[in-house]
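**Q** Sharing a structure, written as structure tokens. Questions coming.
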Amino acid sequence: MVTNINLSFEEMWGKIIACDRKYDGLFFTAVKTTKIYCRPSCRSRKPKKINVEFYDDINEVEEAGFRPCKRCQPDVEQSPYIEIVRRIVTFLVNHYKQSLKLKDIADQVGLSPFYLERLFKQETSETPRTYLEKIRIDKAAHLLTSTAMTNLAICYEVGFQSPSNFYKVFRSLKNCSPSEYRKESLNELDGL
């Protein structure tokens, strides 16, 4: 068994039992008796636990003599939609300061807003809006600790249109207000 990820055997076993797509590409399940390897999300019949090994690199699992599963095709790109999702993420990262509507994002990748939202959520477990909010809050957190800008100035700098929405989203993602975040960060720096 060769893995570098910070999951125990039991945790990885739990991920394959749950067919958890979020771990596809992070590790591979190799079955000693069949000499086949799969993604964690493979829907094939689950092997006996004693016959399983985990690998985090496709080259290592193939060098160990395992061949790819024909059902989940772990040797092929994870999803036919992954490139579309990458384009959406790149667009969000590069345009997070702008006031973006779902239609604006959909126009960039040539999809309908409904299909874009469904596809993005299917592949990332988040809507484009929540993903954009996380980008904005991460940028805000950086500005809070590295500049003397006011909370209101940061709110508009990172693309929020409403201070009340900024405070609400910040609190939900960071479990504190922007002022508390800045104060805690400065106290941590003073303690060093």
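**Q** Out of Gln98, Gln122, which single residue is at pLDDT 90 or above and either within 21 Å of Leu152 (Cα to Cα) or not charged (D, E, K, R) (or both)? Write out each step before concluding.
**A** Details: Gln122 fails: at pLDDT 90 or above.
So the residue among Gln98, Gln122 that is at pLDDT 90 or above and either within 21 Å of Leu152 (Cα to Cα) or not charged (D, E, K, R) (or both) is Gln98.
**Q** Filter region 61-116 down to the residues that are closer than 22 Å to Arg43 by Cβ, in contact with a helix residue (DSSP H, G or I) (Cβ under 6 Å, 6 or more places away or on another chain) and among the β-branched types (Val, Ile, Thr) and list them by number.
**A** Within region 61-116, just Val85 meets the criteria.
**Q** All but one of (1) in contact with a Ser or Thr (Cβ under 8 Å, 6 or more places away or on another chain); (2) aromatic (Phe, Trp, Tyr); (3) more than 26 Å from Tyr23 (Cβ to Cβ) hold for Phe120; which doesn't?
**A** Answer for Phe120: the failing condition is (3).
**Q** Same structure again: I need a count of the residues in region 164-178 that are in contact (Cβ under 8 Å) with a residue 12 or more places away in the chain and loosely packed, with under 13 Cβ neighbours inside 10 Å.
**A** Residues meeting the conditions: 0.
**Q** I would also like to ask the following. Counting only residues that are modelled with pLDDT of 85 or more and part of a helix (DSSP H, G or I), which one in region 54-83 is surrounded by the fewest Cβ atoms within 10 Å (Cβ to Cβ)?
**A** That would be Asn59.
**Q** Continuing with this model, one more query. If you go through region 181-188 one residue at a time, do you hit one that is surrounded by fewer than 12 Cβ atoms within 10 Å (Cβ to Cβ), assigned to a helix (DSSP H, G or I) and not polar (S, T, N, Q)? Let's see the steps before the verdict.
**A** Filtering region 181-188 for residues surrounded by fewer than 12 Cβ atoms within 10 Å (Cβ to Cβ) gives 187-188.
Still in the list and also assigned to a helix (DSSP H, G or I): 187-188.
Checking the rest, the ones that are also not polar (S, T, N, Q) come to 188.
Yes; the residues of region 181-188 include at least one that is surrounded by fewer than 12 Cβ atoms within 10 Å (Cβ to Cβ), assigned to a helix (DSSP H, G or I) and not polar (S, T, N, Q).
**Q** Applying the selection to region 150-163, what residues are surrounded by 15 or more Cβ atoms within 10 Å (Cβ to Cβ) and not in a helix (DSSP H, G or I)?
**A** Across region 150-163, the qualifying residues are Val158, Gly159, Phe160.
**Q** Among the residues of region 110-131, write down those that are surrounded by 17 or more Cβ atoms within 10 Å (Cβ to Cβ) and either under 13 Å from Phe166 (Cα atoms) or among the aliphatic types (A, V, I, L, M) (or both).
**A** Result: Leu111, Leu116, Leu119.
**Q** Related question: Taking region 84-102 as the region of interest, how many residues are part of a loop (DSSP other than H, G, I, E, B) and of a type in the set (S, T, N, Q)?
**A** 2
**Q** Right, something else. Give region 31-46 a look and list any residue that's closer than 26 Å to Ser125 by Cβ and crowded, with 17+ Cβ neighbours inside 10 Å, or say none. Give the derivation first.
**A** Our first condition is that a residue be closer than 26 Å to Ser125 by Cβ; within region 31-46, this holds for 37-46.
Hits for region 31-46 are Tyr37, Cys38, Arg39, Pro40, Ser41, Cys42.
**Q** With (1) surrounded by 12 or more Cβ atoms within 10 Å (Cβ to Cβ); (2) free of Cβ contacts under 8 Å to residues at least 40 places away in the same chain; (3) hydroxyl-bearing (Ser, Thr, Tyr) as the list, and Tyr96 as the residue in question, which single condition is left unmet?
**A** That leaves (2) as the condition not met.
**Q** Scan region 9-20 and tell me whether some residue there is in contact with a Gly (Cβ under 9 Å, 6 or more places away or on another chain), on the phi < 0 side of the Ramachandran plot and surrounded by 11 or more Cβ atoms within 10 Å (Cβ to Cβ). Working first, answer last.
**A** Taking region 9-20 first, the residues in contact with a Gly (Cβ under 9 Å, 6 or more places away or on another chain) are 20.
If we keep only those that are on the phi < 0 side of the Ramachandran plot too, we end up with 20.
Next, from what is left, pick out any that are surrounded by 11 or more Cβ atoms within 10 Å (Cβ to Cβ): 20.
Looking through region 9-20, at least one residue is in contact with a Gly (Cβ under 9 Å, 6 or more places away or on another chain), on the phi < 0 side of the Ramachandran plot and surrounded by 11 or more Cβ atoms within 10 Å (Cβ to Cβ).
**Q** Looking at this structure, is Lys134 under 30 Å from Lys22 (Cα atoms), surrounded by 14 or more Cβ atoms within 10 Å (Cβ to Cβ) and touching a Leu at 6+ places or on another chain (Cβ under 8 Å)?
**A** Yes: the conditions hold for Lys134.
The values are calculated or read from the model by the stated rules, or taken from the named source; none is laboratory data. Predicted model only: the values in this text are computed from it and were never measured. In this analysis, Cβ positions are derived from the backbone assuming ideal geometry, glycine residues included, and neighbour counts consider all displayed protein chains.
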